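Scroll down for the structure; my scribbles are underneath it.
Derivation of every value follows stated rules applied to the coordinates shown; laboratory data play no part. Bear in mind the structure is a predicted one, so any value in this text is a computation, not a measurement. When we count neighbours, we look across all protein chains shown, and the Cβ atoms used for this are built from the backbone with ideal geometry, even at glycine.
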Amino acid sequence: VNMMHALRAAFEERHLFVVYQPQIDMVTRLPVGAEALLRWQTEDKTMISPSRFIPIAEYSGLIIELGEWVLRQACQELVRIQRHGFPNFMMSVNVSQVQFRHPHFLSMLRKALEDTNAPPHCIELEITESMAMEEPDALIKLLDQITETGVSIAIDDFGTGFSSLSHLQKLSVDRLKIDRAFVMEITDSSRGSSIAEMIIQLGRNLELDIIAEGVEDERQAKILTELGCPYGQGYLFSKPLTSDALHDWLRTHK
Ligand code: G
Ligand code: G
Ligand code: MN
Ligand code: NA
C-alpha cells in the first residue's frame, strides 16, 4: 500500500521517466530502433526496477494511465528521432496485460498515434508470451484490430512461456524477441542445438521477424548472426539511454 501511494506520487511528480535501448541490425551494426523502458528514480536517487513497480501499477490500476503516458512519450520520441535523420526508426513499447485487456485499449492506441503524429508502421507493441496464450478468440480479434492500425506486435521474452505452434500461427504477430536467458546459454559449448537456434528457425518457418535481447558480448553476437538472427539488443550495443543520451548515441552511430 505504501509503495502504491509512493508510485502514484512519483508519477504525478514526474519521478518516472522513459529510457530507450537501441536495437541494431546485427550485420551492419547500425541502429534500427529502440525499446522504451520505464524507470523510477526516488528522491534519494534510488532506482526502483519496473519488475517491482509494474505489478503494483497493475494491481492498483495506475498502469492504465501510466501505460498510456509511456506510449505517448515513446511516440513523441520516435517523431523526434525520425526528424533527426532516422526516417525508418522503429519504437517498441511494452504493454501490460492489464492495459491490453482494458476495453478502451484500442481507442487509446489510435488516439495516441493521432495526437503525436507517430507513424503506426514504426511502432511495435511488446506483449508477453503468456498474454499471447490467453482467450484465443478475443486475442485474435484484438491483434487483428491492432494490425489494422499499422502498429506491429512482438512477443517479448519468447521461449519462456508455452505457446503452441498452431496457436502462434493464428495470431497477427510480427516478431519474436528471444529471451535473454537463451542468449546467455548460446555460448555453452556443451549444447548442440540451442533454444535460440530453434526460435530463429521457428521465426523463419512462420515468417516472423526475430530480435535477440540481452546480447552482452561479441561471441554471442557472432553466433546469433551466424544463425541468421537479424536484430539484436543488449549491453554490447548500448544500455537503455535517456532521451538526450540516445540522441548523442545516434549521432555517433549513423
Ligand atoms: O528495464 P528492465 O530490465 O529493468 O525491465 C524489467 C521489466 O519491466 C521488463 O520485463 C520490461 O518489459 C518491464 N517494463 C519496462 N518498462 C515497461 C513499461 O513501460 N510497461 C510495461 N508494462 N513493462 C515495462
Ligand atoms: O522483459 P523485457 O525484455 O522488456 O526487459 C528488457 C530489460 O532487459 C530492460 O529492462 C533492460 O534494462 C534489460 N537488459 C537489456 N539489455 C540487457 C543485457 O544485455 N543484459 C542484461 N542483463 N539485461 C539487459
Ligand atoms: Mn520488452
Ligand atoms: Na524480454
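Whether a residue is touching a helix residue (DSSP H, G or I) at 6+ places or on another chain (Cβ under 7 Å) and under 20 Å from residue 80 (Cβ atoms) was assessed, and residue 149 does not pass this test. As for the range 173-185, it holds at least one residue that is within 15 Å of the chain's Cα centre (by Cα), part of a loop (DSSP other than H, G, I, E, B) and within 16 Å of ligand 1 (Cβ to nearest atom). In the range 85-97 there is no residue that is more than 16 Å from ligand 2 (Cβ to nearest atom), outside any loop (DSSP other than H, G, I, E, B) and closer than 24 Å to residue 176 by Cα.
Would you confirm whether any residue within the range 215-226 is touching a Cys at 6+ places or on another chain (Cβ under 7 Å), in contact (Cβ under 8 Å) with a residue 12 or more places away in the chain, within 16 Å of ligand 4 (Cβ to nearest atom) and aliphatic (A, V, I, L, M)?
no
Just one of the listed residues (78, 109) is closer than 19 Å to residue 172 by Cβ, crowded, with 18+ Cβ neighbours inside 10 Å and of a type in the set (A, V, I, L, M), namely 109. Cβ-Cβ distances below 7 Å connect the following pairs, each with a first residue in the range 44-57 that is closer than 13 Å to residue 11 by Cβ, a second residue that is assigned to a loop (DSSP other than H, G, I, E, B), and a separation of six or more residues or different chains: 48/42; 54/96. Among the candidates 207, 114, the residue that is outside any loop (DSSP other than H, G, I, E, B) and exposed (fewer than 13 other Cβ atoms within 10 Å of the Cβ) is uniquely 114.
Just a yes or no: is a residue in the range 21-28 over 19 Å from residue 94 (Cα atoms), within 16 Å of ligand 2 (Cβ to nearest atom), touching a residue at least 24 places away in the same chain (Cβ under 8 Å) and in contact with a Phe, Trp or Tyr (Cβ under 9 Å, 6 or more places away or on another chain)? Yes, that holds for at least one residue.
Return a yes/no flag: does the range 188-210 have any residue that is in contact (Cβ under 8 Å) with a residue 60 or more places away in the chain and not acidic (Asp, Glu).
Taking every residue of the range 188-210 in turn, none turns out to be in contact (Cβ under 8 Å) with a residue 60 or more places away in the chain and not acidic (Asp, Glu).
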